[in-house]
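Asker: Sharing a structure here in structure tokens format.
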Amino acid sequence: MRLNLNKAVIESIEPPEKGQRVEIKDARTPGLILRVTDKGTRTFSLYRRVRGVPKRIKLGTWPAMTVEQARRRAIEYLAEIESGGDPVERRKREQLQREAERARLVTLREAFETYLNTHTLKPKTVKNYREAFGATYKDWEPLPLQAITKDMVEQRHRERGKVSPAGADAAARVLRAVFNDAADRFTDEDGNPVAPVNPVGRLSSARSWHKPARRKTWIKPHQLAAWWEAVDHLKGERVTAGAPVARDLLKFLLLTGLRLNEGARLEWSRVDLAGGTFEIVDTKNREPLVLPLSDYLVKLLQTRARLNEDEGSLFVFPGPSGHFKALRRWAAIVADESGVPFIPHDLRRTFITTAESLDISAYAIKRLVNHKQGDDVTAGYMGHSVERLRIAMQRITDELLRQADATGHERHTSESDHDQPKEEAQ
């Protein structure tokens, strides 16, 4: 259909049936076409052979683009085609140039926010990244990526390291990740990174990383009895509503090897006392984990379940508002009273060290503590059912109780513990 396109003609065109479209050629301008879809969308385009290849070049959508504007644009493109040009390729180049120019102006703040928003990170990880980044590179955030040099990074890392070596390394690792992400995301018109060199690489070539020694402390076998006794006697003048929960949580972490947040956030809906299992959903490596309970832990949780009939909490280890959050304070009390210095994560290392001393397979230990198997292909074929892990879990519990001189110890959270003042729950 060929018509002399104008406002009245275009408005009079009825949309076709669903799934259909109508094309009207303009009687005045060669190659100018108006396409009407079943939804009523009206689009101008130019249909022409460009260097021997038929192409449809979109011009714009009516009424944002008028008929006269579409005709002028079509005539410009026709002239360009006649002179051997290609409007489609030119527009692509121009778009790439605009994007490249924007990429060259991307600031460190924009690149950092883009990294956080496009990666699946836990809220705590985002918080840590923001704190490390802000403490070290806050004044750099308005700078374009291209303005940040190797010398700047090395000097800032050295300055920050005088205050906190670990903080300097943590911030530099975040900066390195931001630049690596930006290299794939912000490119010039040829697809090359606008910041082709990651300036943090200088720290490796100059051997400037501080690499603070990783904490390797755990509770030694000869210390465990004193530690257990101090945990078991969080009472007397120190008794509050939080003491029994702290005591049970400390034991639970020691006998499972869980991270503090994994244990403290455990919900009753994830515990199967009849089957002797529990499930950790929100793990550090994002892989849900179903684990067996040893005999001792089944009894401990049975007592906690009876207490929870009154407490009515979703959490196995409840606090005044949600899960228990004050374990570090109680751990300090235990350390003071037992003479055994430790932090909650030392209990995880104690669990792993004990498991290794029993010659339990590395694959089973990794499964129990939910460590990544890495690139070990063999691990991919190793199936660890809960029941197979139960044997290992029970052996570890028995050994820890033996070291704690608690093998015959049946004292768990008692009803009398529960009937304590509520005002100082944590």
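The values are calculated or read from the model by the stated rules, or taken from the named source; none is laboratory data. Everything quoted here is computed from the prediction, not taken from an experiment. Because the Cβ atoms are built from the backbone with ideal geometry, glycine has one as well, and the counts that use them run over all protein chains shown. The protein model used for the area step is the full one, side chains on, heavy atoms only, and it has no ligands, DNA or RNA in it. Shrake-Rupley method; radii C 1.70, N 1.55, O 1.52, S 1.80 Å.
Asker: Give me the number: length gained by fully extending Arg21 to Arg49, i.e. 0.36 nm times residue separation minus the C-alpha to C-alpha distance, one decimal in nm.
Answerer: Values: separation 28, 0.36 × 28 = 10.08 nm, distance 2.23 nm.
Full-extension gain reported as 7.8 nm.
Asker: Taking the 0 to 90 degree range and rounding to the nearest ten, how far is the long axis of helix 344-357 tilted relative to the main principal axis of the chain, both from C-alpha atoms?
Answerer: For 344-357 against the chain, the angle is about 70 degrees.
Asker: Can I ask one more? Name the most mobile residue of Ser208, Ser45, Ser164, meaning the one with the largest mean-square fluctuation, in a Gaussian network model of the chain with Cα contacts below 10 Å.
Answerer: It is Ser45.
Asker: Projected onto the charge dipole of the chain (+1 at Lys/Arg Cβ, -1 at Asp/Glu Cβ, origin at the Cα centre), which of Trp140, Gly257, Gly19 gives the Cα projection farthest towards the positive end?
Answerer: Farthest towards the positive end: Gly19.
Asker: Between Met152 and Ser164, what is the label-to-label distance in nm when each label sits 7 Å out along the Cα-to-Cβ direction?
Answerer: Simple spin-label model gives 2.2 nm for this pair.
Asker: Can you give the convex hull volume of the alpha carbon atoms of the chain per residue, in Å³?
Answerer: Values: hull volume 116.1 nm³, N = 426.
Looking at the chain, the number lands at 272 Å³ per residue.
Asker: So, with a 1.4 angstrom probe, what is the percent of accessible area on the chain that is carbon and sulfur?
Answerer: Details: 11380 of 22870 Å².
Heavy-atom surface of the chain belonging to carbon and sulfur, 1.4 Å probe: 50 percent.
Asker: Can you list which of the trypsin sites (Lys or Arg not before Pro) found in region 4-105 are DSSP loop residues with at most 15 other C-beta atoms within 10 Å?
Answerer: Lys18, Arg28, Lys39, Arg51
Asker: Here's another thing I want to ask about it. Express the accessible area of region 259-362 per residue in Å², computed with a 1.4 Å probe while the remaining protein chains stay in the model. Spell out each step's value before the answer.
Answerer: On the way: 4740 Å² over 104 residues.
Computed with neighbouring chains in place, this is 46 Å² per residue.
Asker: In whole Å, how far is the Cα centre of region 9-58 from that of region 118-148?
Answerer: About 49 Å separates the Cα centre of region 9-58 from the one of region 118-148.
Asker: Next question. Leaving out ligands and nucleic acids, and using a 1.4 Å probe, what accessible area per residue does region 1-72 come to in Å²?
Answerer: Values: 4500 Å² over 72 residues.
Accessible surface, normalised per residue, equals 63 Å².
Asker: Can you give the helix-only mean residue ellipticity at 222 nm for the chain, where every DSSP H stretch with n ≥ 4 adds -39500 (n - 2.57) and the sum goes over all residues, rounded to the nearest 500 deg cm²/dmol? Numbers along the way, then the final one.
Answerer: Details: 17 runs with 211 residues, N = 426.
Helices in the chain give a 222 nm mean residue ellipticity of -15500 deg cm²/dmol.
Asker: In Å², and per residue, what accessible area does region 127-182 have when probed at 1.4 Å with the other protein chains present?
Answerer: Values: 2750 Å² over 56 residues.
About 49 Å² of surface per residue is accessible.
Asker: So, in nm, how far is label Val126 from label Ser269 when the simple model puts each one 7 Å beyond its Cα toward the Cβ?
Answerer: 2.2
Asker: While we're on this one: Counting Lys and Arg as +1 and Asp and Glu as -1, each charge on the Cβ, what is the dipole of the chain about the Cα centre in debye, to the nearest 20? Intermediate values should be presented prior to the final figure.
Answerer: Working: 72 positive and 60 negative charges, 436 e Å.
The calculation lands at about 2100 debye.
Asker: Keeping to pairs on different chains or 8 or more places apart, tell me how many lysine pairs in region 23-158 have Cα atoms under 21 Å apart.
Answerer: Step by step, the pairs that qualify in region 23-158 add up to 9.
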